[in-house]
1. For the stretch 56-133, what does the alpha-carbon gyration tensor say about shape, rounded, prolate or oblate, given a ≥ b ≥ c as the root eigenvalues, a/c under 1.5 as rounded, and a/b over b/c as prolate?
2. Mind running the shape call on the stretch 1-100? Use the C-alpha gyration tensor, a ≥ b ≥ c as the square roots of the eigenvalues: rounded below 1.5 for a/c, prolate if a/b tops b/c, oblate otherwise.
3. Please give the helix 49-59 orientation as an angle from the longest Cα principal axis of the chain, in degrees from 0 to 90, rounded to the nearest 10.
4. For residue 24 and residue 57, what is the calculated FRET efficiency with R₀ set at 25 Å and r taken between the beta-carbons, to the nearest 0.05?
5. Going by alpha carbons, how many degrees (0 to 90, nearest 10) lie between the helix axis of 128-137 and the longest principal axis of the chain?
6. Which of 187, 110, 35 moves the most in a Gaussian network model of the chain with Cα springs under 10 Å?
7. If every alpha-carbon in the chain counts as one equal scatterer, what log10 I(q)/I(0) does Debye give at q = 0.10, 0.14 1/Å?
8. Please list, in order, the residues from the stretch 157-180 whose amide nitrogen is less than 20 Å from a point placed 7 Å along the Cα→Cβ vector of residue 126.
């Protein structure tokens, strides 16, 4: 079945019916494609085990943990174990932003996102499109970054596999992305490079 499409136009927001459509899709455990700072993401409700299985099957990631997508420092503190004060200040400067961070998970974190070592990969995109989408979703989300930024590529590759695709005309910047491991002091980059400000901050 072909995915339903929502087109997000910057400066116009989303109409009420689009909010309701996103919220309903998340509640029903549908596979969603949604925008972030760096690329589109495939995912859905982080606490729906059937959805988690569908996402893993779709992306052939059957055993590895999925990333957690949230939108506030309050949520971050719920799912992430406390860190040293200087690491906390650096973390909170990274988020929201075009980064993923690897940290220790709390018991409240979705099990699908927690590794065997007790770590979790958290994303909090700053893009307006993502923030409005997340507000409509009403739930923490699991996701796998797709490395797709063009609407045509998303529709060509995933319109027959996803249930709902949320597109945006807001620019994405995959070159700015880095996956930063904050389980170490100082942090290290698992993908991309440490931002220059973080290098100097941690010296």
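1. Note, shape of the stretch 56-133 comes out oblate.
2. Note, shape of the stretch 1-100 comes out oblate.
3. Compared with the principal axis, the helix lies near 90 degrees.
4. 0.65
5. Helix 128-137 and the main axis of the chain meet at about 70 degrees.
6. Greatest mean-square fluctuation among the candidates belongs to 187.
7. Values, matching the q order: -0.39, -0.78.
8. Taking a point 7 Å out along Cα→Cβ of residue 126, the residues of the stretch 157-180 whose backbone N falls under 20 Å are 168-180.
Rule-based calculations on the coordinates, nothing more; no lab input. Keep in mind that this is a model prediction, so the values were computed, not measured. Neighbour counts are summed over all protein chains in view; Cβ atoms, including those assigned to glycine, are modelled from backbone coordinates with ideal geometry.
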